[in-house]
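The values are calculated or read from the model by the stated rules, or taken from the named source; none is laboratory data. As the structure is a computational prediction, the values presented were derived from the model and not from experiment. Cβ atoms come from the backbone with ideal geometry, glycine included; neighbour counts cover every protein chain shown.
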Protein chains: 2
Amino acid sequence: MEACGIIVEYNPFHNGHRYHVLQASKLSGADVVVAVMSGNFLQRGEPAIMDKWVRANEALDNGVDIVIELPFAWAVQSADYFARGAVKLLQGIGCKSLCFGTDVSETVDYEKFGRFVVANNQLIKEKYKELNKARVSYPQQMTAVFQELYPEMMLDFSSPNHILGLSYGKENAVYQTPMKLYPLKREQSAYHETTIHQQFASATAIRKKVLENELSELEQVLPKETYQDLSEYPLAHWELYWPYLRYKLNSSSYDELRALYQVTEGIEYRLKEASLKATSFGEFVAIVKTKRYTWARIQRLATYILHNVKKEEIQLVWEKSYLRLLGFSEKGQKYLKEQKKKVDLPIISRISKENKSFLDLDIRSGQIYQLGKETITEQNFGRFPIKSLER
Amino acid sequence: MEACGIIVEYNPFHNGHRYHVLQASKLSGADVVVAVMSGNFLQRGEPAIMDKWVRANEALDNGVDIVIELPFAWAVQSADYFARGAVKLLQGIGCKSLCFGTDVSETVDYEKFGRFVVANNQLIKEKYKELNKARVSYPQQMTAVFQELYPEMMLDFSSPNHILGLSYGKENAVYQTPMKLYPLKREQSAYHETTIHQQFASATAIRKKVLENELSELEQVLPKETYQDLSEYPLAHWELYWPYLRYKLNSSSYDELRALYQVTEGIEYRLKEASLKATSFGEFVAIVKTKRYTWARIQRLATYILHNVKKEEIQLVWEKSYLRLLGFSEKGQKYLKEQKKKVDLPIISRISKENKSFLDLDIRSGQIYQLGKETITEQNFGRFPIKSLER
């Protein structure tokens, strides 16, 4: 059997995602689609609107065969590390191809780009350093770097999905047998677009409507499972965790904050000061924001602080990779059985004495996610992969 | 001018406290009454029902001339250390006498008891150790110790106020010129009594009524200032801080918990487990409670954890004593001017660059107290001692 990988967050699962799954299967011709999905906290440093089990179930109901959790240490990261972790897990489980969305109109050869980066890694680093003095944003900087080094590719790093695609290309090219890449052009609904039209809408637009209690307007853009889940399950957002973040900042010394992951450059002073002034998470980020500290970067930093993540903890997970199964279809189960002997990474179906230590951060993340609402259920202990019946 | 000291919490200030202030003045014949008062967290490890400024103001309105804050590091402690800190500050500000409430019917010579303890310190420690094996409660143990060593005193350590009186006697006897002690027998309302009768009621009974929204029943047992304050100011209690305590326990490793003050003997495991099960602070304490870990001890432990108090921080405050002024009357101001040259301890009227470092724990405690309700005002920065006009 052959597998095509996809890298997802499903926040929440919508018709665009369903289209993506179908196209991944069609373009690759693979037997199964394997999704590596962020857990309860996401790439942009936000809590997921619904928990990982609910979202995994939606995916299984809509064509995904295997859902693997992208560990917190890889998921809550800038595009580069997010891609590195996800590609590592897809490679680990033997995927032959990777299908991902992109929102640039020109056709970019992501495989070629990946090979170029791997071959010229040192040169890119130096050029980046050289241009770093201008203190512009990361996307602007990277665009400038490649304009000098590889002008014929005409790369634009300003779109989040495109940056991810480029990162996938780069991380994939590192492997001896890279996956075949299938970029999929988004037809409608740019990443940040907030209006709803026809049967597609961006996840951002959907979350906005849901949190404004206008779920009924979303029936056409969501699979029926998601539509129902959004009316039944507890919904999370950052403001629910703001009191805990503020408490953590108020009660920690500067030394303690500096011991946390990515708290550097004196940002601890800005963070603590802002926590005393702000009356909401939105206000907090707005106070801390600078050209160098983008919204997403501050949210990730806030997520690390909320989770009390020490510098050495991330490294630990990076070194010890694992495949945490959230669910699978019957076809997915067959594929897993086939792969079992070939796979080097441990496949984890449940928390046990043996894996508890390196799953520590994911367990903690589940407990913290639960603090958002009384009705959010236990995320790890006693939970088993969802087995979906054949469609 | 001569001063009589009193040691108080005023949670909240009631008619019994008013009687105590008047008697302190009358029995001692002093010109001013100086109160050392716990800040926003109290001896039994609880948040005060109203903040320290509101309570200090009630005291000034009802006959107290000077209110000094007992720092967090002394206030949230078992009777011995609570007494040590309070007596130190009263000695520091030159009090010649100390008047305190007691609820035992027999007359106990607290001064004599104090001298006995100072002279036989080593013997008492050894006897305590010898009897410690039985693992009974502290009061039971101490009663047994003194039954053997000093039977004619017939000491009973089962009443909280009596224990405090004995501790005052002991701590006072250490000084070269001890204060004259005036024990004042409580006429009615034992410490834990919860019914309201006539013009006196215990603070416990009053808090219970207030938090059950039955303030109107309390008009006869409260001075008019307290009665008004309780209807106007934000009221705090432990359940408001429970989410933060739970988050702190959930997000901290066992190593991190062990680095906190008084987290020893493996209690960190019990605490963390209980925090995952309990749905309220009351439930949490009930789960953790054992014979050795009394309700008050667990509450104090919870308060240290909530405040993220490291082992070394308490020692720092103990070594660096200071007199933090919360308020004074005109007579109190005259006394302070007179004492200024004689006093060794720094007198602190406001937070400044110079005192910020050793006031750190008190500042943090104010910020954490504020997290209980949006309407609780800033407790330290920009706050000055209250000057009450002559009555």
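Within region B:237-254, how many residues turn out to be in contact with an Asp or Glu (Cβ under 8 Å, 6 or more places away or on another chain) and closer than 27 Å to residue B:50 by Cβ?
Total satisfying the criteria: 2.
Out of A:211, A:123, A:222, I need the residue that is modelled with pLDDT of 90 or more, hydrophobic (A, V, I, L, M, F, W, C) and surrounded by 19 or more Cβ atoms within 10 Å (Cβ to Cβ). Which one?
Sole residue among the options that is modelled with pLDDT of 90 or more, hydrophobic (A, V, I, L, M, F, W, C) and surrounded by 19 or more Cβ atoms within 10 Å (Cβ to Cβ): A:222.
Within region B:57-95, count every residue that is modelled with pLDDT of 95 or more and under 26 Å from residue B:319 (Cβ atoms).
Residues flagged as modelled with pLDDT of 95 or more and under 26 Å from residue B:319 (Cβ atoms) within region B:57-95 amount to 27.
Could you run through region B:360-391 and say how many residues are within 14 Å of chain A (Cβ to nearest Cβ) and closer than 15 Å to residue B:68 by Cα?
So the count comes out to 3.
Assigned to a loop (DSSP other than H, G, I, E, B) and either closer than 23 Å to residue B:60 by Cα or not polar (S, T, N, Q) (or both): is that true of residue B:350 in this structure?
So residue B:350 passes the test.
List pairs: first in region B:219-237 and among the acidic types (Asp, Glu), second in a loop (DSSP other than H, G, I, E, B) and at pLDDT 95 or above, Cβ under 8 Å, 6+ apart or cross-chain?
Matching pairs, first to second residue: B:225/B:13; B:225/B:62; B:229/B:12; B:229/B:50.
So which of B:173, B:236 is under 30 Å from residue B:121 (Cα atoms) and either basic (Lys, Arg) or at pLDDT 95 or above (or both)?
Just one listed residue meets the conditions, B:173.
Would you mind stating whether residue B:258 is over 25 Å from residue A:241 (Cβ atoms), without any contact (Cβ under 8 Å) to a residue 40 or more places away in the chain, buried (at least 16 other Cβ atoms within 10 Å of the Cβ) and away from chain A (no Cβ under 14 Å)?
Spelling it out, it is not the case that residue B:258 is over 25 Å from residue A:241 (Cβ atoms), without any contact (Cβ under 8 Å) to a residue 40 or more places away in the chain, buried (at least 16 other Cβ atoms within 10 Å of the Cβ) and away from chain A (no Cβ under 14 Å).
Checking residue A:282 against (1) within 14 Å of chain B (Cβ to nearest Cβ); (2) among the small types (Gly, Ala, Ser); (3) in a helix (DSSP H, G or I), only one condition comes out false. Which one?
Result: residue A:282 fails condition (1) only.
Check whether at least one residue in region B:287-294 is within 14 Å of another protein chain (Cβ to nearest Cβ) and either over 20 Å from residue B:242 (Cα atoms) or outside any loop (DSSP other than H, G, I, E, B) (or both), and report yes or no.
Looking through region B:287-294, none of the residues is within 14 Å of another protein chain (Cβ to nearest Cβ) and either over 20 Å from residue B:242 (Cα atoms) or outside any loop (DSSP other than H, G, I, E, B) (or both).
Checking the conditions here, which among A:73, A:24, A:83, A:56 is surrounded by 22 or more Cβ atoms within 10 Å (Cβ to Cβ), in a helix (DSSP H, G or I) and over 17 Å from the mean Cα position of the chain (by Cα)?
A:24
Look through region B:328-346, keep the residues that are out of contact with any Lys or Arg (no Cβ under 7 Å at 6 or more places or on another chain) and among the hydrophobic types (A, V, I, L, M, F, W, C), and return whichever of them is nearest to residue B:56 (Cα to Cα).
It comes out as B:336.
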